[in-house]
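The values are calculated or read from the model by the stated rules, or taken from the named source; none is laboratory data. This structure is a prediction, so every number in the text was calculated from the model and none was measured. All Cβ positions, glycine included, derive from the backbone under ideal geometry; neighbour counts span all protein chains shown.
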Amino acid sequence: MRFILILSITILQAQSTWISDLIISDKKNGVFIKVRSNTPLKPTQVTGWFNESTSWYYMTLHQTNGDTAHLESSKLSYPVTHIECVKAGESLQIGFKMAKPVEQFEFYYANNPPELLASLRFPLSDVLVAMEQERPNTSPFQTQSSIQRPLWVKAVYFIGAGLTGAGFLAGETQKGWEVPIGMGLIAFAYVYENFIVKRIE
């Protein structure tokens, strides 16, 4: 009887998948959690859910084992702020404290190397807010006044530059009105934009 019990325990341990590492990487629309193991995990072994009241995302890996202290010390990446691992019978439960809510999640399985990829996605509203905050207010080659420049001022600059260029291309032998008129338009637009408008403001 004792031999049968030892044999049963040995068989169960042999069937158990060892979880070796957790790798977390943040994305704009969510976070990736890569679970490395010694043998491939099957979809029937993996379950997950997000607790909205506590902001914890839980992943239960059935018929698995691992060094909980090592897994809990995995490198964190925002919005994952804390990791907790608990052994429960033949299963390993891993909790991830999230600074952002998880709206959807999917699992992807790989055999070589044996890895599980959990893709956690944020709500679309949070993604849009993050993208808006990252977008610069002004281009590094633009000033605030150039962005708010009225359309007619842009047109005066454009016409002035065109006339000036045409006059210079005509050469010295064909003196015309293009250069003085063009330069005058550019000067007028510059004075209006940099002196008159600022004085009004």
Pick from the stretch 99-123 the residues that are more than 20 Å from the chain's Cα centre (by Cα) and under 14 Å from VAL35 (Cβ atoms): which of them is surrounded by the most Cβ atoms within 10 Å (Cβ to Cβ)?
-> LEU116
Scan the stretch 86-98 residue by residue and report those that are under 17 Å from ASN38 (Cβ atoms) and crowded, with 17+ Cβ neighbours inside 10 Å.
-> LEU92, ILE94
Residue by residue through the stretch 47-80, note down the ones that are in contact with a Ser or Thr (Cβ under 9 Å, 6 or more places away or on another chain), of a type in the set (Ser, Thr, Tyr) and surrounded by fewer than 16 Cβ atoms within 10 Å (Cβ to Cβ).
-> THR47, SER77
Quickly run through the stretch 78-113 and pick out the residues that are more than 25 Å from THR17 (Cα to Cα) and assigned to a loop (DSSP other than H, G, I, E, B).
-> TYR78, PRO79, ALA99, LYS100, PRO101, VAL102, GLU103
Note on ILE83: of the conditions (1) closer than 21 Å to LEU120 by Cβ; (2) modelled with pLDDT under 95; (3) surrounded by 15 or more Cβ atoms within 10 Å (Cβ to Cβ), unmet is (2)
Residues of the stretch 23-56 being in contact with a Pro (Cβ under 8 Å, 6 or more places away or on another chain) and assigned to a strand (DSSP E or B), in sequence order, are ASP26, VAL31, ARG36, SER37, PHE50
